[in-house]
Amino acid sequence: MQFWELFKTSWLSLRTNPRRSLLTIFGIVVGIAAVITIISLGNGVKAKMLSELQATSTGKQTTKINYYSSSTTTAMGFNHQDIEKVKGKFAKVSSIKVINPVNNVTVAAQIGNQPANTQVTLLKQPVSSLKILAGREISKYDLAVANPVALISEKTAKKQYGSSSNALGTAVEVKHVSYRVVGVYQSNKSHYKVNFLLPKKAFYQRTAVDSGNTIKLTFNRGANVASESKRIVKYLKQHGSQRKQGSYEYFDVGSFLKSVSKVIDSMTVFISAIAGISLFIAGIGVMNMMYTSVAERTQEIGIRLAVGAQPRSIMLQFLLEAVMLTVTGGVLGFLFGVGLAKGISLALPFKAVVTFSSFLLAFGVSALVGILFGLLPAKQAANKNLIDILR
């Protein structure tokens, strides 16, 4: 019997009991969907880290060096001269980029007559999702012209001024710049649980583009990042422009990225292994269904043997039925897993990443489950004796 005829016969056999077929497929769908969801979210986390940390695909490695001020000076730890010195002294450094933070920046501020250490988040555009309790939002105009205005959190307003309305129109001094409080917001979102929201342009308007408290260095391929970074930090401690007012420390982004990637990969394998248990149980379900099908179709098998069908042909038909069940479940599980991962990522700060290898994994695993758990029932069908059937 040709393969196409076997395929049609197998399809018609599965359609004779659609409820049982669908319930068998469901177990495969759940197992494959769980694996695809975990892998897609894991890929999304790694892609997000690569994007934010700007890891290169050419084998180059990166690191960060931070400056921590021990005084009240507003001078940045790195300036143009510091960057040029490092570039000229260390040949293995291919590029240096100044990074100015925008989220949860800790700064010394003067609120009323009281000095305090506060946390601020810097805005590049208006935040439509904020709930303003009093006053107004920071507008596009404020951001464009670096207008020194501020939004204060409800918690800080009540602590410093007693109520939200009392905080409006007051001034807060940050880095010797006086910001006028124009609104009070409800800090119910984790991203904005800070004391103030300030325009980024106003906050950094007195800071040169090539100056800041953090620099990111990209090294040439093959460089020993840890060793080179220690040498650069030692050099800055001796020759840095602000060495007497603070300290320099380095953060090895490449090592951090590798460590986190290993943790994510380990978690993905572990959770996928747990999800694989459901695939094993689903495979048992496939085997049970196929044994039941063989028992119910003994007369059909006898008729086919009587008209000259080969045992091999019968075995292939039942094996094909098992594979059709599991592959269908695998494809549906892949689609469901992709949809689930995309849906979950809407509530996360990264997007799920689905790769072609994930599809191949779903297709291959489901086909393998069908072959492994369908082989014994198929052999039983092929080994039936025509004489025993006629009796």
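Ranked from largest to smallest solvent-accessible area, with a 1.4 Å probe on the protein heavy atoms, 175, 87, 124 come out as 124, 87, 175. Take the convex hull of the alpha carbons in segment 327-367; its mean projected area over all directions comes to 2.6 nm².
Among complete DSSP H helices in the chain, those whose alpha-carbon atoms stretch at least 15 Å along the helix's long axis and whose mean Kyte-Doolittle hydropathy reaches 0.5 are 18-53, 253-296, 311-345, 356-382. Share of carbon and sulfur in the accessible area of the chain stands at 58%, probe radius 1.4 Å.
Take the Cβ atoms of residue 159 and residue 243, set R0 to 51 Å, and the FRET efficiency comes out at 0.85. Accessible surface computed residue by residue for the chain, with neighbouring protein chains in place and a 1.4 Å probe, gives 54 Å² per residue. Segment residue 140..residue 274, full-extension length gain: 43.3 nm, with 0.36 nm per residue of separation and the alpha-carbon distance subtracted. Shown for segment 158-315: lysine pairs separated by 8 or more places, or found on different chains, whose C-alpha atoms are under 16 Å apart, numbering 6.
Considering only alpha-carbon pairs that sit under 8 angstrom and 6 or more positions apart, the relative contact order computed for the chain is 30 percent. A Gaussian network model of the chain, with springs between Cα atoms under 10 Å, assigns the largest mean-square fluctuation among 18, 101, 311 to 18.
Name the shape class, rounded, prolate or oblate, that the alpha-carbon gyration tensor gives for the chain, where a ≥ b ≥ c are the square roots of its eigenvalues, rounded holds for a/c under 1.5, and otherwise prolate holds if a/b is larger than b/c and oblate otherwise. Verdict is prolate for the chain.
The values are calculated or read from the model by the stated rules, or taken from the named source; none is laboratory data. Source: prediction; values computed, not measured. As a convention, Cβ positions derive from the backbone with ideal geometry for all residues, glycine included, and neighbour counts pool all protein chains shown. These accessible areas exclude ligands, DNA and RNA; they are computed on the full protein's heavy atoms, side chains included. Shrake-Rupley method; radii C 1.70, N 1.55, O 1.52, S 1.80 Å.
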